[in-house]
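Structure first, commentary second.
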Amino acid sequence: MAFPLRQATAAQVIPLGPFVSAADGDTEMTALTIANTDIKLLKGGATAEVSKNSGGATHIAHGRYYATLDATDSGTLGALRVSVHVATALNVWLDCVVLPALVYDALYADTGAGIRATIKAGSIATDAIDAASVKADAVTKIQAGLFTSGAYTAPDNAGIAHISGVVDTLPTVPPDNTGIAHISAVVDTLPTSPPDNAGIAELVAALPPGGIADAATLAADIIELLALIGTPVFGSISQDTANVKAAVLTRQQSFTATLGVTFPANFGLLSITAGGIVQANVRTVNSVTVNGAGTALNPWGP
């Protein structure tokens, strides 16, 4: 690390050494005479060395010496190499860095008007920055950035007034939901599925031939009755017609002479199955008694 120096400042002590014998490179040289001309300075940016301004070096102990630099020696900012070469001793040098006064004080000064003193105080001292310390153009820029009454434009409140007017026209109470409730009730009575006439056609097709005089008229009557009924009882017209079909077939199966039909004296039994098959137990055909069991070994016959 380079040895720090304060720019253009006198009485700055620097260490030099240790100086050892040029003969063996080990023996400490404690009695050297080192003049200012023996101490060479290579300042920052320079291409040639200069002698120390004044004063030589003094022995401290064990071949170590010190020298005192003045304002001239530390006048140039940046790197500074101090080299010393005297007879009977090996060459010695010290690398230094010359810092601006404020920077040096901020880093190393215990007291003073530098940055470090300001930080220790916790705030900028009163009148630490005066008018002479601020350039005129800096003041102009600061003033240009300040808010002035002439640059103020009042906001346009027309939009806010319009919103306020709209809000004032809103109902003060919640809307009346009576109409909505009525519509909901009507919707609830609508069929849960579109009308389906397939069941009616199926009913008519399944009727036994000749079982009912006019099946087409019956189908038309059923459709008309369902239209008058309105909403399907069992969720759909298909289901309703299926129920009607079942009732008709049941009625056919229970059809008896009590309905006003006159059967011959020898007519024993007549039945109609769900598939429309007519079964009859006939004893007499054209006044001729029929015998047999209707089997292969005992067929029907006179």
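Grab the Cα-Cα distance for residue 37 and residue 146, subtract it from 0.36 nm times how many residues apart they are, and report the gain in nm with one decimal.
Contour length minus the Cα-Cα distance gives 33.3 nm.
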Potential extension, residue 72-residue 101 segment - 0.36 nm per residue separation minus Cα distance: 9.0 nm
Point-to-point label distance, residue 160-residue 242, nm (Cα→Cβ direction, 7 Å offset): 7.0
FRET efficiency, residue 131 to residue 8 (Cβ-Cβ, R0 30 Å, nearest 0.05): 0.70
Principal axes of region 3-108: Cα extent on each, largest first, Å: 44, 29, 20
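Only the coordinates and a few stated rules stand behind these numbers; no lab work does. Because the structure is a prediction, the values reported are computed rather than measured. A quick note on method: Cβ atoms are made from the backbone with ideal geometry, for glycine too, and the neighbour counts reach across all protein chains shown.
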